[in-house]
Amino acid sequence: MAKVVKIEENLLLSENKRIFVALNKPNGTQTGKIMIQEFINKQFYNLFVFTYLFGLVLYGTIKFEGIDEICAMLLFILLIYGIFKSTDWYVNKAFLTVIGIFVFYACYSIYIHSNSKVAILSDFIIQFKPYLAFFAVYYLCPEFTKSQKKILRDVVYVIWAFMIAIGVASFVEPKIFNLTVGHVAYFAAIVTSSAMLFLFSSEGTNKDKVIFLLILATGLLSGRAKFYGFFILATAAIVFSRQVCHLKLNFKTILVGCLCLAAIIAASWQKLVLYFGVGQSLESVPEGYLARAMLYATSFQIFQDYFPLGSGFASFASFSSGVHYSDIYQEYGIELIKGISKNNYSYIADTYYPCLAQFGVVGVILYFFFFFYIFRKSLTLYQRSLSIKHFVIPFLIIGYFLIENIADATFTSHRGFFIMMLLGLTLSESKKYITQKDNSKSNSNSIQQPT
C-alpha cells in the first residue's frame, strides 16, 4: 500500500513539474518579445552610460553643447523601434497627453506669432526633451543585470574620487570648477546624479544609504546654497524612508515637514535675498543678480497680460528667445539689462520658473501636476514593490528640480535630461520588479494547486 502511495506522489510531482514547464516555456511570440527586450536592454545600457559620461560628467570639459540633443535623438530612435516592434502598439496615456499639450502650444505659438517658426520649433524641442527622457525610458522598460549595475557602481566610485579631488582643490584655486568640469553648477549636478545612480544600482541596504549620503556630501564643497537645501532634503528622506508606508497627515508629519522646509530656506536665505531682492527693492539688487530678479518680476506681468495660455514658445526666459531674440523684452522695457540684451543674452535662460510664463497659468498647473503624477505613481509602485529606493529616488528627483529650477534652467538642460532618464529607469524597474513578484507567486500557486 505504501508503495502505491509513493508511486502516486511521484506521478503528482511529475505532473506539477510538467505544468510548471508548460506555463513558463515561451512560445514563438514570447521568444520574439524576449529577443526584442534584450536588444533594447543592451542598447539602452550603452546609451545610458554614454549619456552619463559624455552628456553629464564630461559635458563642460569637452564643451560640445549638442551632445544631449544627440543622446535625445538616439533615445527617440530606440523608442520608435520599441513601439514598432510591439504587437499591441501600446503608448502611455500620460505621454500621449503631454505630446498633445506640446503640439497645441506649438500651434498656439504660431497663431499668435510668439517668434519665428524656427525659434518656436527650437524651443519646442528643448522644452519637450525632459519629458521624452522620462516617458521613453518608462515605456521601453529596460532592465540592467547585476554585473551591469556593479560596473555602474565602480564607475561612480571613480567619478566620486575625481569630484573629491576637484572639490578640495577649489579651496586653493576657486577657478578649478571652470577649468575641469566647466562650471560649479555642473560639479554639483555630477555629484547629485552620481549619488542617485549609485543608490539605483545598489541593493538599498543601510550601508548603501550611508555611501549615498557620503557621495552626495561631496557636493557641499561647491558652496552652492541650493545644494545645501537639497542635501538637507536628501538626508531627511533617507532617515525617514522606512516610515513611508505608514506616512499619515498628522501633527508629527506636519512638524517634521515644516522643520525640513525651514532648514532648507535657512540654508538658501542668503541667495534668495540676492536673487529676488527679498526684503529689498529691485533697485538695490546687485547688478550680477538683477537679470534673474527682473525675469521673475516681468514673468508675473506676462502671466496677467497673456492669461491664461501665456506668451508662447520662444518668447520669454528660454534659450531660443535669446538666440532668436524675442520682441517681448523690448515690449516690457528690460532689453537693456545686462544679460538680457540682444547682444548679451547669457542670463535669459539662467532660471526656469519665469520661462513658465510662455505657457501661462495653464502651463504652471500642468507642470506641477506632472510632478504630482510622478509622486503618486512612485508611491503606488513602492507600496507594492516595498523597495525603498523606488520611492526615495523619484522623491529626491522631484525635490531636486523644484529647488534647482529656482535659479537655474536645470530641467531643460543636459543635467535634467540624464536625471529624467534615471527617473524613468527607476519607475520602470519598480514596475518590472512588481511583475516578477506577481509571476513568481502565480508560478508558485500553479505548483501547489495542480489541475
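What follows draws every value from the coordinates through simple rules; no lab data is involved. Small disclaimer: the values here were computed from a predicted structure and weren't measured. So basically every Cβ, Gly included, is an ideal-geometry build from the backbone, and we count neighbours across all protein chains shown.
Computed 3J(HN,Hα) for the range 145-151, one whole-Hz value per residue from the Karplus formula 6.51 cos²θ - 1.76 cosθ + 1.60 where θ = phi - 60°, is 7, 4, 5, 5, 5, 5, 4, glycine and proline marked x. Restrict the search to the range 47-84; then list the chymotrypsin sites (Phe, Trp or Tyr not before Pro) that DSSP places in a loop and that have at most 16 other Cβ atoms within 10 Å of their Cβ. Those satisfying the criteria are Phe64. Each Lys or Arg adds one and each Asp or Glu takes one away; over the other residues whose Cβ falls under 15 Å from the Cβ of His324, this sums to -1. Computed from backbone phi, the HN-Hα couplings of the range 390-395 come to 5, 9, 4, 5, x, 4 Hz, rounded to whole numbers (Karplus: 6.51 cos²θ - 1.76 cosθ + 1.60, θ = phi - 60°; Gly and Pro given as x). In this structure, the pairs whose alpha-carbon distance is over 25 Å, taken from Lys85/Lys129; Lys149/Lys209; Lys33/Lys431; Lys117/Lys342; Lys175/Lys209; Lys42/Lys431, are Lys175/Lys209. Other residues whose C-beta falls under 15 angstrom from the C-beta of Gly312 contribute a net charge of -3, scoring Lys and Arg +1 and Asp and Glu -1. Listed by Cβ neighbour count within 10 Å, with the fewest neighbours leading, Ile34, Ile397, Ile164 appear as Ile34, Ile164, Ile397.
Backbone geometry of the range 100-115 corresponds, through the Karplus equation with coefficients 6.51, -1.76 and 1.60 at θ = phi - 60°, to 3J(HN,Hα) couplings of x, 5, 5, 5, 4, 5, 5, 5, 5, 5, 5, 5, 8, 6, 5, 5 Hz, x marking Gly and Pro. Just so you know, the Cα atoms of the range 28-448 work out to an Rg and Dmax of 22.0, 77 Å. Annotation: amide H of Thr351 within the under-5 Å range of Ala409, sequence separation 5 or more or interchain, hydrogens built in the peptide plane.
Each of Asp408, Asp208, Asp305, Asp123 has some number of other Cβ atoms within 10 Å of its Cβ, and from fewest to most they run Asp305, Asp208, Asp408, Asp123.
Other residues lying with their Cβ under 14 Å from the Cβ of Ser299 contribute a combined charge of -2, Lys and Arg counting +1, Asp and Glu -1. Of the trypsin sites (Lys or Arg not before Pro) in the range 106-191, the ones in a loop by DSSP (not H, G, I, E or B) with at most 12 other beta carbons within 10 Å are Lys175. With the cut-off at under 18 Å, measuring from each backbone N in the range 218-241 to a point 7 Å along the Cα-to-Cβ line of Val172 picks out 221-222.
What you get for the range 28-448, charging only the Cβ of Lys and Arg (+1) and of Asp and Glu (-1), is a dipole of about 1560 debye around the Cα centre.
Take every Cα-Cα pair in the range 376-424 and report what % of them are more than 12 Å apart. For the range 376-424, the fraction of Cα-Cα distances above 12 Å is 63 percent.
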